[in-house]
Amino acid sequence: MSGTAVARTPAPPGTPGEVLRALIVEDSSSDVELMVRELGLGGFEVSYNVAQSEAEFRALVRANSYAIVLADFSLPQWRGLEALRVLAEEELDTPLILVSGTVGDLSAVECIKQGVSDYILKDRLARLPAAVRGALEEQRLRQERKCAQDDLAQKAHELARSNQELEQFAYVASHDLQEPLRMVAAYTELLAERYQGKLDAQADKYIHYAVDGARRMQTLIQDLLAFSRVGRQEMELSVVNFENVVDLAIANLQTAIVENKVVIKREALPSLAAVQSLMVQVFQNLISNAIKFRSSSTPCIEVKAEKSWGGWMFSVADNGIGMAPGYCEEIFVIFKRLHTQQEYTGNGIGLALCRKIIERQGGKIWVTSEPGKGSIFRFTLPGATTG
Amino acid sequence: MKILMVDDNPADIDLVNEGLRRCGAKVELCAIHDGIEAVELLRGLETASLVRLILLDVNLPKVNGQAVLRQIKNDPILRRVPVVMFSTSRAARDIRGSYESGANSYVVKPGGLKDFLSAVRSLSSYWLECAILPAGSEHG
């Protein structure tokens, strides 16, 4: 049974001259006619097919493409609600409106929960055109949302891949750069050893530049490698005693601490799930920065930890030169430096590495500072105290 | 007494020579650039009996260092010669793989000249003077 009801009023807004392809699940031909008539009155030009059994329904949705399914709630052979299941099996997103003589054994709310777009009683059929419009609009929005989500997922995937490629590139580049650089460093040093003071002052200066440049580049490459490694490696967390972490960081910086008569004040630190070697690196970088950017007074560094929402917040405070608040975000960007190589040596990787380490473990790092008043670096780590 | 160095980088061979010269080691450094040649040379018994230490790079042309190492350690006679892996690589898989293949030690080539020369001095003094090889190893 199929046919076309000619529009008696203009096509609905947004679908000028468009024919509404409908699949009607109904055993009463007079009810079919009534529905089509109402749709016509509501401004739709309808082209439709009728299905009375699951087999017919499935065959029709496979053969044609429908904008809407109108289904009687209960037919002698099967229930209109089952059409929903068939649509899902056929992976179709066609909206379905239940049209029923009586409220059946399922409430309208229950039907809508199961995925029916709307539920209309046959004695209120005048609502059908509005219901169809609503269902079509809802579907359009649903598709738009899905498109946007797919698009977002695709972009996220591309970003992850390009990040991974970049990490891989950085790793290979720095790894393969190390070998030739080691030659340059070793042999310029050998030249310096053998010929320093035997040529002229100019030659000594040139050799010094070469040795110094090669050394700086070695440090740079090693730091870049460490940075890229943190991005790639799995974070294997274990319970870490932060007292030990700070002990190790301080031990690694012993020479600088003694030379600069640094006073380090500590409060009790917790044990938390973290990667120990990386946390030593973080404290070492923060403490060595505090020493490097010391003011004219005796460097004093305070290390603390306090419970914060959902984890712990650590702080490393110093009485150094500080910085303008405007730089507080920038300094965590790789290669970002606030000083010339002559003022303070460095390559701008240390704090970027700290940020990457902390973020990879689910925390955040930031700094508050003012020029001349020292800096306070704070970072959080999630997780409860363990032991 | 010989040290056999298997390394495709002539600059590193020179640096090892420099290190040996500076610490006054009475040893001859015999350098080979690829893995196949190294194993062939060692299979000549006479040579093997004089080699007191093998310094083996990991990344070698043709046959890599670990494959060379396995051939040495699977040979009933050659296996007695101590093999120190001497490589730029700090990769965990290279280090672990080398020990699993029977390396006697793994030393990462230091970046600076002084450290490199110190490593050579320490390697030669330990393996040529301190380490006591099992009886019979001197002559296979």
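Overview of values
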{"item": "Breaking point among (1) within 29 Å of the chain's Cα centre (by Cα); (2) of a type outside the set (Val, Ile, Thr); (3) at pLDDT 90 or above, for A:Glu189", "result": "(1)"}
{"item": "Any hit, segment A:136-153, residues being away from chain B (no Cβ under 14 Å), in contact (Cβ under 8 Å) with a residue 24 or more places away in the chain and open to solvent by less than 60 Å² (accessible area, probe 1.4 Å)", "result": "yes"}
{"item": "Residue list for segment B:80-126, restricted to those being open to solvent by less than 10 Å² (accessible area, probe 1.4 Å) and facing chain A (nearest Cβ under 9 Å)", "result": "B:Ser89, B:Lys109, B:Leu113, B:Phe116"}
{"item": "Residue list for segment A:261-296, filter: open to solvent by less than 40 Å² (accessible area, probe 1.4 Å) and either among the charged types (D, E, K, R) or in a loop (DSSP other than H, G, I, E, B) (or both)", "result": "A:Val262, A:Leu269, A:Pro270, A:Val275, A:Ser295"}
{"item": "Positions within segment A:96-119 being more than 43 Å from the chain's Cα centre (by Cα), open to solvent by less than 60 Å² (accessible area, probe 1.4 Å) and farther than 24 Å from A:Arg62 by Cα, in sequence order", "result": "A:Ser100, A:Gly101, A:Gly104"}
{"item": "Considering residues of segment B:1-15 that are more than 14 Å from chain A (Cβ to nearest Cβ) and either open to solvent by 20 Å² or more (accessible area, probe 1.4 Å) or polar (S, T, N, Q) (or both) only, the residue farthest from the chain's Cα centre (by Cα)", "result": "B:Met1"}
{"item": "When residues of segment B:16-55 are limited to those that are more than 14 Å from the chain's Cα centre (by Cα) and among the hydrophobic types (A, V, I, L, M, F, W, C), the one farthest from the other protein chains (Cβ to nearest Cβ)", "result": "B:Leu45"}
{"item": "Residue within segment A:221-239 that is more than 12 Å from chain B (Cβ to nearest Cβ) and assigned to a strand (DSSP E or B) present", "result": "yes"}
{"item": "Conditions (1) in a loop (DSSP other than H, G, I, E, B); (2) over 19 Å from B:Ser101 (Cβ atoms): number failed by B:Ala11", "result": "(1)"}
{"item": "Qualifying residues in segment A:343-368 (those that are touching a helix residue (DSSP H, G or I) at 6+ places or on another chain (Cβ under 7 Å) and assigned to a loop (DSSP other than H, G, I, E, B)) - the one least open to solvent (accessible area, probe 1.4 Å)", "result": "A:Ile349"}
{"item": "Number of positions in segment A:240-255 that are closer than 23 Å to B:Gly112 by Cα and not in a helix (DSSP H, G or I)", "result": "1"}
{"item": "Scope segment A:295-322; condition touching a helix residue (DSSP H, G or I) at 6+ places or on another chain (Cβ under 7 Å) and farther than 16 Å from A:Gly363 by Cα; matching residues", "result": "A:Pro299, A:Ile301, A:Val303, A:Asp318, A:Gly320"}
{"item": "Flag if A:Asp27 is modelled with pLDDT under 90, over 41 Å from the mean Cα position of the chain (by Cα) and acidic (Asp, Glu)", "result": "yes"}
{"item": "Counted residues, segment B:56-68 - those being at pLDDT 90 or above and either over 13 Å from the mean Cα position of the chain (by Cα) or more than 20 Å from B:Ser125 (Cα to Cα) (or both)", "result": "5"}
{"item": "Condition broken by A:Val46, with the remaining ones in (1) in a strand (DSSP E or B); (2) closer than 24 Å to A:Glu91 by Cβ satisfied", "result": "(2)"}
{"item": "Count of segment B:22-43 residues which are within 11 Å of B:Pro61 (Cβ to Cβ), open to solvent by 40 Å² or more (accessible area, probe 1.4 Å) and of a type outside the set (Asp, Glu)", "result": "2"}
{"item": "Selection from segment B:71-91 of residues that are in a loop (DSSP other than H, G, I, E, B) and under 11 Å from the mean Cα position of the chain (by Cα)", "result": "B:Val81, B:Pro82"}
{"item": "Matching residues, segment A:198-218, being over 30 Å from A:Ile349 (Cβ atoms) and either in a helix (DSSP H, G or I) or within 12 Å of chain B (Cβ to nearest Cβ) (or both)", "result": "A:Ala201, A:Gln202, A:Ala203, A:Asp204"}
{"item": "Which listed residue, of A:His157, A:His175, is closer than 24 Å to A:Thr345 by Cα and either aliphatic (A, V, I, L, M) or in a helix (DSSP H, G or I) (or both)", "result": "A:His175"}
{"item": "Leading residue by the ranking (nearest to the other protein chains (Cβ to nearest Cβ)) among those in segment A:174-197 that are in contact (Cβ under 8 Å) with a residue 12 or more places away in the chain and aliphatic (A, V, I, L, M)", "result": "A:Ala185"}
{"item": "Of residues in segment A:163-173 being of a type outside the set (Val, Ile, Thr) and open to solvent by 60 Å² or more (accessible area, probe 1.4 Å), the one farthest from the other protein chains (Cβ to nearest Cβ)", "result": "A:Asn163"}
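Here's the yes/no breakdown for (1) at pLDDT 90 or above; (2) open to solvent by less than 10 Å² (accessible area, probe 1.4 Å); (3) not assigned by TED's automatic domain parsing to the domain that holds A:Val32:
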{"site": "A:Phe57", "(1), (2), (3)": "yes, yes, no"}
{"site": "A:Asn64", "(1), (2), (3)": "yes, no, no"}
{"site": "A:Ala67", "(1), (2), (3)": "yes, no, no"}
{"site": "A:Ala83", "(1), (2), (3)": "no, yes, no"}
{"site": "A:Val86", "(1), (2), (3)": "yes, yes, no"}
{"site": "A:Thr94", "(1), (2), (3)": "yes, no, no"}
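The values are calculated or read from the model by the stated rules, or taken from the named source; none is laboratory data. Predicted model, so just to flag it, every value in this text is computed and none were measured. No Cβ is skipped: glycine too gets one built from the backbone with ideal geometry, and neighbour counts run over all protein chains shown. Please note that ligands, DNA and RNA were not included when accessible areas were found on the heavy atoms of the full protein model with its side chains. Shrake-Rupley method; radii C 1.70, N 1.55, O 1.52, S 1.80 Å.
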